[in-house]
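The values are calculated or read from the model by the stated rules, or taken from the named source; none is laboratory data. In this text the structure is predicted, and so the values were computed from the model without any measurement. Backbone-built Cβ (ideal geometry, glycine too); neighbour counts: all protein chains shown. Calculation scope for accessible area: heavy atoms of the full protein, side chains included, ligands and nucleic acids excluded. Shrake-Rupley method; radii C 1.70, N 1.55, O 1.52, S 1.80 Å.
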Amino acid sequence: MHELIFMDLEWNTTFYRNREGVRLPFHELLEVAAMKVDPASGAMVDSFHSYIHPTVGRKIEGRTYRLLPYGREELRALLADAPDFLDLGPAFLHWCGDAPVFVEWGNNDVEVLLDNFTHHQLRFDAGWKCEFFDLQYVYQRLHEGSLACQPSLEKAVTDLGIEADLDFHSAWNDTYYTILVYQVLLDRFEGLQLFRRPPKQKGRPPLWEAELGSFDTRWACKNRPEVARPACPLCGGPLTGGRWVRTLSTEQVLRCRCKVHRRMYLAVTVEKDGRQWQGKAAIYKDAGPIAERYRKTLSQLKKRAAPKKKKPLPAE
């Protein structure tokens, strides 16, 4: 395997309207940091770093300021003098090469990077391809031996006894810390080879799905109009529903009904992202496991709510 590119991105969640006038969320990049690393030794051989001047969302959200280790004026000054993505994107792509192998902590950054290229209509050269590894998953499997809880980068650095004298949630610093974690794993696990998370077992695809954006609390995304007032993806008519059921710690499901297309399921899922919650929504006609979890959980809730029968008094 040739050089690995360790990468971390910081972004601001904003919104834009597509050609149909629909308001959609977008993770606009504010900072990109990447370091090329020799996979065998973990040695850093080259680096790329830049802030990015935002052009889609001119306002930086308050939660972005809270997450990043910069004061408001400091961040504004850094972004004001930075190149925009139309200039930065091609330069970063050229630095990465024709077939980069990215390593990140988590599994969001490469997707966000590619979304920014798509949004700004920047095309890749013919034959360009990339692959990526999630070091968080590798760390969970090798060091913790459990997938029950996704550890933050800060927790991994602390648990491994790595000296942490730099702020977290800076793209440059987090890239550096991710490399240090990789170096420790190289020392502790002889012949370490990176491996990928197995693909999720997929059922029928949803009729409609959308990214809801970042929120301060777990279920605040349910207040978004497309969730609070859902429409049938097939005919556009309103969906009427009963009660929301929390089927998993990160999933809530609403069984709803269209007058024309009858029963459907609206599922909202959330994922922890630093101090924020990333929300997603999807509507299914044949929900498979989601519908099964809904029915099972609803049945359990009804049993708990049912009045208990009084035991008859013993005969005298």
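Surface listing: 95, 172 arranged by accessible area from highest to lowest gives 172, 95, probe 1.4 Å. Counting only DSSP H runs of at least 4 residues, each contributing -39500 (n - 2.57), and dividing by the residue count of the chain, the helix-based mean residue ellipticity at 222 nm comes to -8000 deg cm²/dmol.
Can you find, among 151, 168, 54, the residue farthest towards the positive end of the dipole of the chain? Put +1 on the C-beta of Lys and Arg, -1 on that of Asp and Glu. Result: 151. What is the helix-to-structure angle for 85-96, meaning the angle in degrees between its Cα long axis and the longest Cα principal axis of the chain, kept from 0 to 90 and rounded to the nearest 10? The two axes meet at around 70 degrees. Taking 0.36 nm per residue of separation and subtracting the Cα-Cα distance, full extension of the segment from residue 273 to residue 46 would add 78.9 nm. Computed from Cα positions, the angle between helix 109-119 and the longest principal axis of the chain comes to roughly 90 degrees. Among the listed pairs 272/303; 59/280; 259/296; 272/296; 36/59; 59/272, those with a Cα-Cα distance over 28 Å are 272/303; 36/59. Sorting 146, 170 by solvent-accessible area of protein heavy atoms yields 146, 170, largest first, with a 1.4 Å probe. Report the local net charge at residue 134: Lys and Arg +1, Asp and Glu -1, summed over other residues whose C-beta lies under 11 Å from its C-beta. Neighbour charge sum, excluding residue 134 itself: +1. Residues 224, 255, ordered by accessible area of protein heavy atoms at a 1.4 angstrom probe radius and largest first, appear as 255, 224.
Taking 0.36 nm per residue of separation and subtracting the current Cα-Cα distance, fully stretching the chain between residue 158 and residue 129 would add 7.0 nm. Indicate the gyration tensor shape class of the stretch 151-253 (rounded, prolate or oblate), computed on the Cα atoms with a ≥ b ≥ c the square roots of the eigenvalues: a/c under 1.5 is rounded; otherwise a/b larger than b/c is prolate and the rest oblate. Because a/c hits 1.5 or more and a/b exceeds b/c, the stretch 151-253 counts as prolate.
Over the chain, Cα pairs under 8 Å with separation of 6+ residues give a relative contact order of 14 percent. Between 239, 186, 94, the Cα set farthest toward the positive side of the dipole of the chain (charges on each charged residue's Cβ, about the Cα centre) is that of 239.
Excluding residue 115 itself, what net charge comes from residues whose Cβ is under 11 Å from its Cβ, given Lys and Arg +1 and Asp and Glu -1? Around residue 115, the charge tally is -4. In this Cβ point-charge picture (+1 for Lys and Arg, -1 for Asp and Glu), the stretch 108-178 has a dipole of about 280 debye about its Cα centre. The charge dipole of the chain, taken about the Cα centre with unit charges on the Cβ atoms of Lys, Arg (+1) and Asp, Glu (-1), comes to about 3840 debye, rounded to the nearest 20. Packing around the peptides 55-61, 150-156, 269-275, 29-35, taken as the average count of other Cβ atoms within 10 Å per residue, puts them in this order, highest first: 29-35, 150-156, 269-275, 55-61.
Report the net charge of residues surrounding residue 81, where surrounding means a beta-carbon distance below 14 angstrom and charges are Lys +1, Arg +1, Asp -1, Glu -1. Result for the local shell: -4.
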